[in-house]
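The values are calculated or read from the model by the stated rules, or taken from the named source; none is laboratory data. Being a predicted model, the structure only gives us computed values, none of them experimental. Cβ coordinates were reconstructed from backbone atoms using ideal geometry, including for glycine residues, and neighbour counts include every protein chain displayed. Heads up: the accessible areas ignore ligands, DNA and RNA and are worked out on the full protein's heavy atoms, side chains in. Shrake-Rupley method; radii C 1.70, N 1.55, O 1.52, S 1.80 Å.
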Amino acid sequence: EFEKISTAIVSTEGEHGFELEVEDSALCPRYIGAIIENVKIAPSPAWLQDRLKAIGLSPINNVVDITNYILHGLGQPLHAFDADKISGKKVKVGVNEAGTKFTTLDGIERTLNGSEIIIKDGNNQPMCIAGVFGGSESGVSEETKTIFLESAYFNPVAIRKAAKSHGLNTDASFRFERGVDPNNTRTAIIQAIKLIEEITGGKKIGSLLEHYPNKIEDAKIIFRYSKLDQILGVKIHREKIKEILKSLEIKAVNDIADGLELAVPAYRADVTREIDVIEEILRIYGYNKVDAPQKISF
């Protein structure tokens, strides 16, 4: 569906004067922002509205619809802010003091507990509970002319806590708290910029604002065939195991004496140990194919 696009070369014509400051890389390991000027907010073209309606979403306006289209197509949540409402032309990613009041897009005033990741302006005013819900003040409206577009990878645990404490379960939080693919952050924003330029007549200006100090690597796990055999009580053909791992996008980096050295993609935040790999193999192989042992001895 999405065409293959280069994520390396992006036009950097003009200047936008915006700054980005990420206060804590543990909370926000990767963040990319783009400024797009001369955007005309209007209903989306029919093809885009039809795509969204087909998966049960209501079209809102061209910019929001494009972010939803990317979210459901690539699995990366995006958020658009009205850039003219960002005071000091500065976007900060961090936390606010507990007790800070913040009105979300649904018009409800919420009290922050001080642990949520917050997207703030130059005056430390909250604009968005990161990865969960946008704010009513800085959101895109019919009057919006310039947008600040965000694509990020947030700490899954922090997002889960924020969503739970505020009783908010959104499409974005659902994905962030399970771990999105940090390698998709740039691909998604570039695809979105392209669509926004085509559909709204806007133009990206200046350089992307990027924060990615420590590349998120694939998790390395040693997997032993003997451990799988012991737990299952049956022996699965070794080639079948490799086939299953390949279908899960878990790469076998090296063959070792009794198994494999694996590289698990960063977006699989639920697979961090050998036992998780065994569970994944069993899930695909089929629980019903394994007889329940009469007695398990450890």
So is PHE148 under 11 Å from ASP82 (Cβ atoms) and aromatic (Phe, Trp, Tyr) or not? yes
Which members of segment 253-287 meet the condition of being of a type in the set (A, V, I, L, M, F, W, C) and within 15 Å of GLU217 (Cα to Cα)? VAL253, LEU262, ALA263, VAL264, ALA266, ALA269, VAL271
Against the condition at pLDDT 95 or above, surrounded by 16 or more Cβ atoms within 10 Å (Cβ to Cβ) and not aromatic (Phe, Trp, Tyr), how does ARG268 come out, does it pass? no
Those residues that are in contact with a helix residue (DSSP H, G or I) (Cβ under 8 Å, 6 or more places away or on another chain), among the hydroxyl-bearing types (Ser, Thr, Tyr) and within 16 Å of GLY139 (Cα to Cα), I need them from segment 75-127; list them, please. none
Would you be able to say whether some residue in segment 48-61 is buried (at least 21 other Cβ atoms within 10 Å of the Cβ) and of a type outside the set (A, V, I, L, M)? no
What pairs come up if the first residue lies in segment 154-183 and is among the aliphatic types (A, V, I, L, M), the second is assigned to a helix (DSSP H, G or I), and their beta carbons are under 7 Å apart, counting only those six or more places apart or on different chains? ILE159/SER173; ILE159/PHE176; ALA163/SER173
Filter segment 193-220 down to residues that are in contact with a helix residue (DSSP H, G or I) (Cβ under 6 Å, 6 or more places away or on another chain) and open to solvent by less than 30 Å² (accessible area, probe 1.4 Å) and give me whichever is nearest to ARG283 (Cα to Cα). LEU195
Please specify each residue of segment 223-253 satisfying the condition of being under 18 Å from ARG273 (Cβ atoms) and of a type in the set (Asp, Glu). ASP229, GLU249
Any chance VAL39 is β-branched (Val, Ile, Thr), open to solvent by less than 20 Å² (accessible area, probe 1.4 Å) and touching a Cys at 6+ places or on another chain (Cβ under 9 Å): no
Note down all Cβ pairs under 6 Å where the first residue falls in segment 81-103 and is surrounded by 15 or more Cβ atoms within 10 Å (Cβ to Cβ), the second is assigned to a strand (DSSP E or B) and of a type in the set (Asp, Glu), and they're at least six residues apart or on different chains. LYS90/GLU19; LYS92/GLU21
Which of the residues spanning segment 1-47 are of a type in the set (Val, Ile, Thr), modelled with pLDDT of 85 or more and touching a strand residue (DSSP E or B) at 6+ places or on another chain (Cβ under 6 Å)? VAL22, ILE32, ILE35, ILE36, VAL39
